[in-house]
Amino acid sequence: MVRTLINKEFAYQTDLAIYFDISRAKDYTRLSRQILEEQKEGAGKGDVSDPEKHNPNDFALWFFKKGKHKNALQFWPSPWGDGFPGWHIECSAMIKKYLGDTIDVHMGGIEHIPVHHTNEIAQSESANDKPFVNYWIHNEHLLVNNGKMSKSEGTSYSVDEVIEKGFDPMALRYFFLQAHYRSKQNFTWEALEAAQNGLKNLHHQIKSLGKDVGSIDDNYEEKFIGAISDDFNSPQALAILQEVLKSDLNNGDKLATILSFDKVLGLKLTDLLNEQGAPQEIEDLAKKRQQARADKNWQESDNLRGKILELGYEVEDTPGGYILKKK
């Protein structure tokens, strides 16, 4: 791709790198809608300068193993000299190789709009003479305790850390689905716990429907597709799922409709149909405990919880009733 851009005079070479000439790109800022003339030269954080660059906003397609990068550990031979690719060209090259000249959907964070995605468009469309992306989807920032997620401040968490704290990864997915992708969302462990409780309650509601799958309801399916087609409105999609649970549909049709929704939501709700129920002895103890709670006999309730635990099961109370889980 770099060779093509050079041959088509969209790129030029200096002693330190090969750059894309943004003045040659068609409608360069159409995605970001920036006014480049209002930007201050050298206002960014980067400390690499090249006096041979034609324009401060020209971006590197290939860095040579020279100057600041003379000690680069990763480098490859090229027709122009040893070096390594620029960040933007890597993405365009992978997309062209594995997906083609034009892709339907490209996703990423809003921080990629003004530079990375703008430059991907410029180089890909200049090289291929075809539209690069049909639909861009940019998600807003995820906050942590109402602040920026930061490794240095210990507020950047991995999925492994979420699991280590006892959370189901699907609870994290459920948490994300509760907010629109273009709105900021604030992560706290309390919020994740609330999402996990909500997911457990959803599981309990679905389990109560039985395991006989009926027919998908066309009306609710149309409403769900409408919500997802409305800029991926996942909170509204979850609301429609709850409408199904509260509807007058028979249990089998409710189950079929919800499982159809989950092909989009990805909460692995089908797995609930394959779970083995607790032994009858455990179920009987759980029902006795539920009655003890209703009678406000808390000591008896605690004793029964202890017996259930000794037999290898945990009982969790939800607004919809209890859930039994094997330890």
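The values are calculated or read from the model by the stated rules, or taken from the named source; none is laboratory data. Treat the numbers as computed from the prediction; the structure is a model and nothing was measured. Backbone-built Cβ (ideal geometry, glycine too); neighbour counts: all protein chains shown. Just so you know, the surface numbers come from the protein's heavy atoms only, side chains and all, with ligands and any DNA or RNA stripped out. Shrake-Rupley method; radii C 1.70, N 1.55, O 1.52, S 1.80 Å.
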Check: Just wondering, is there one or more residues in segment 105-122 that are on the phi > 0 side of the Ramachandran plot, assigned to a strand (DSSP E or B) and modelled with pLDDT under 95?
Finding: yes
Next item on the list: Look through I282, I308 and report the one residue that is farther than 30 Å from I216 by Cβ and in contact (Cβ under 8 Å) with a residue 40 or more places away in the chain.
Entry: I282
Notebook entry, point to check: Are any residues in segment 131-163 β-branched (V, I, T) and more than 30 Å from I121 (Cα to Cα), and if so, which ones?
Noted result: V144, T155, V159, V162, I163
Checklist line | In segment 4-21, the residues that are closer than 17 Å to S92 by Cα and without any contact (Cβ under 8 Å) to a residue 40 or more places away in the chain | finding: I6, D21
Notebook entry, point to check: Restricting segment 261-300 to residues that are over 29 Å from L172 (Cα atoms) and aliphatic (A, V, I, L, M), which is surrounded by the fewest Cβ atoms within 10 Å (Cβ to Cβ)?
Noted result: A294
Margin query: Can you find, within segment 4-18, the residue that is surrounded by the fewest Cβ atoms within 10 Å (Cβ to Cβ) among those that are out of contact with any helix residue (DSSP H, G or I) (no Cβ under 9 Å at 6 or more places or on another chain) and closer than 13 Å to S126 by Cβ?
Written below: N7
Notebook entry, point to check: What residue, of K45, K53, K26, K40, is part of a loop (DSSP other than H, G, I, E, B), exposed (fewer than 15 other Cβ atoms within 10 Å of the Cβ) and at pLDDT 85 or above?
Noted result: K26
Check: When segment 222-248 is examined, which residues are found to be in contact (Cβ under 8 Å) with a residue 24 or more places away in the chain and touching a Phe, Trp or Tyr at 6+ places or on another chain (Cβ under 8 Å)?
Finding: F224, F232, S234, A237, L241, V244, S247
Notebook entry, point to check: Given segment 192-277, what helices (runs of 4 or more DSSP H) lie entirely inside it while holding 3 or more residues that are modelled with pLDDT of 95 or more?
Noted result: 218-229, 234-246, 251-265
Notebook entry, point to check: Looking at segment 149-163, which of its residues are of a type outside the set (S, T, Y) and open to solvent by 40 Å² or more (accessible area, probe 1.4 Å)?
Noted result: M149, K151, E153, G154, V159, D160, E161, I163
Check: Going through segment 208-221 one residue at a time, which ones are in contact (Cβ under 8 Å) with a residue 12 or more places away in the chain and either within 13 Å of N250 (Cα to Cα) or surrounded by fewer than 19 Cβ atoms within 10 Å (Cβ to Cβ) (or both)?
Finding: S208, L209, G210, K211, D212, V213, G214, S215, I216, D217, E221
Next item on the list: Kindly list the number of the only condition in (1) at pLDDT below 95; (2) surrounded by fewer than 16 Cβ atoms within 10 Å (Cβ to Cβ); (3) under 18 Å from F20 (Cα atoms) that fails for N146.
Entry: (3)
